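What follows is a short report on a single structure.
The values are calculated or read from the model by the stated rules, or taken from the named source; none is laboratory data. Remember, predicted model here, so these are calculated numbers, not experimental data. Every residue, glycine among them, receives a Cβ derived from its backbone with ideal geometry; neighbour counts consider all protein chains shown. With ligands, DNA and RNA removed, areas are computed over all heavy atoms of the protein, side chains included. Shrake-Rupley method; radii C 1.70, N 1.55, O 1.52, S 1.80 Å.
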Amino acid sequence: MPPKSSVRVVPLAPEHREDWERLFAGYAAFYKVAQTPQMRERVWHWLFDPEHEAEAIVALDDAGRAIGLAHYQAFARPLGANTACFLNDLFVDPQARGSGAAEALMVALQEICRRRDWAVIRWLTAEDNYRARAFYDRIGRKTPFLAYQIDV
């Protein structure tokens with residue numbers, strides 16, 4: 001699934017801070033999650049802390065502007081005796097949708113997983129996120145598992 005445009009994916013770097021803030025705030029707004037600048041600051045620091053599991057890549061347009069982000073981390077799969085990738089967040093600027101940024105991010109993430117010998121990429125999305133689900137249905141397969149959580 002090659003990207004449709006000249007979108008380039010790179011690891012998140014300090015020079016992407018302003019674009020990342022805009023994208024991450026947009027992602028939170030899309031899911032109607034109250035997010036403060038302090039919360040974004042905490043996540044920004046996680047992404048550059050080598051001791052923290054969270055990592056990020058961004059999709060850049062021809063001008064070098066970040067138009068999409070993906071936050072991900074490794075997780076152990078004891079039953080399969082392997083390591084996998086959990087895609088925490090995938091977001092593309094609404095103005096850049098259709099640019100190939102989402103595909104480029106997923107292709108790059110697959111390459112990261114291959115290099116690290118991670119077995120699968122797993123993620124969640126909202127049931128009513130139909131645009132994302134159409135994309136996900138095209139690139140992946142829906143699992144038979146349901147997600148549950150306990151707030152503590």
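Structural remarks
- Evaluated against (1) over 16 Å from the mean Cα position of the chain (by Cα); (2) of a type outside the set (Val, Ile, Thr); (3) buried (at least 16 other Cβ atoms within 10 Å of the Cβ); (4) on the phi > 0 side of the Ramachandran plot, Gly98 falls short on exactly one condition, (3).
- Matching option when the condition is assigned to a helix (DSSP H, G or I), more than 28 Å from Ala134 (Cβ to Cβ) and out of contact with any Pro (no Cβ under 8 Å at 6 or more places or on another chain), among Arg22, Arg42: Arg42
- Count of residues meeting criterion [out of contact with any Lys or Arg (no Cβ under 6 Å at 6 or more places or on another chain), not in a helix (DSSP H, G or I) and not β-branched (Val, Ile, Thr)] in region 97-131: 13
- Single residue of region 38-53 satisfying the filter (in contact (Cβ under 8 Å) with a residue 12 or more places away in the chain and touching an Asp or Glu at 6+ places or on another chain (Cβ under 9 Å)) that is nearest to Gln95 (Cα to Cα): Arg40
- Scanning region 71-96 for residues that are part of a strand (DSSP E or B) and charged (D, E, K, R), we see that the one that is nearest to His52 (Cα to Cα) is Asp89.
- Options Ala119, Ala147; residue that is of a type in the set (Gly, Ala, Ser) and touching a helix residue (DSSP H, G or I) at 6+ places or on another chain (Cβ under 9 Å): Ala119
- Residue in region 18-48 that is nearest to the chain's Cα centre (by Cα), counting only those that are open to solvent by 60 Å² or more (accessible area, probe 1.4 Å) and charged (D, E, K, R): Arg22
- Residue check, Ala59 surrounded by 13 or more Cβ atoms within 10 Å (Cβ to Cβ), in contact with a Pro (Cβ under 6 Å, 6 or more places away or on another chain) and closer than 15 Å to Leu23 by Cβ: no
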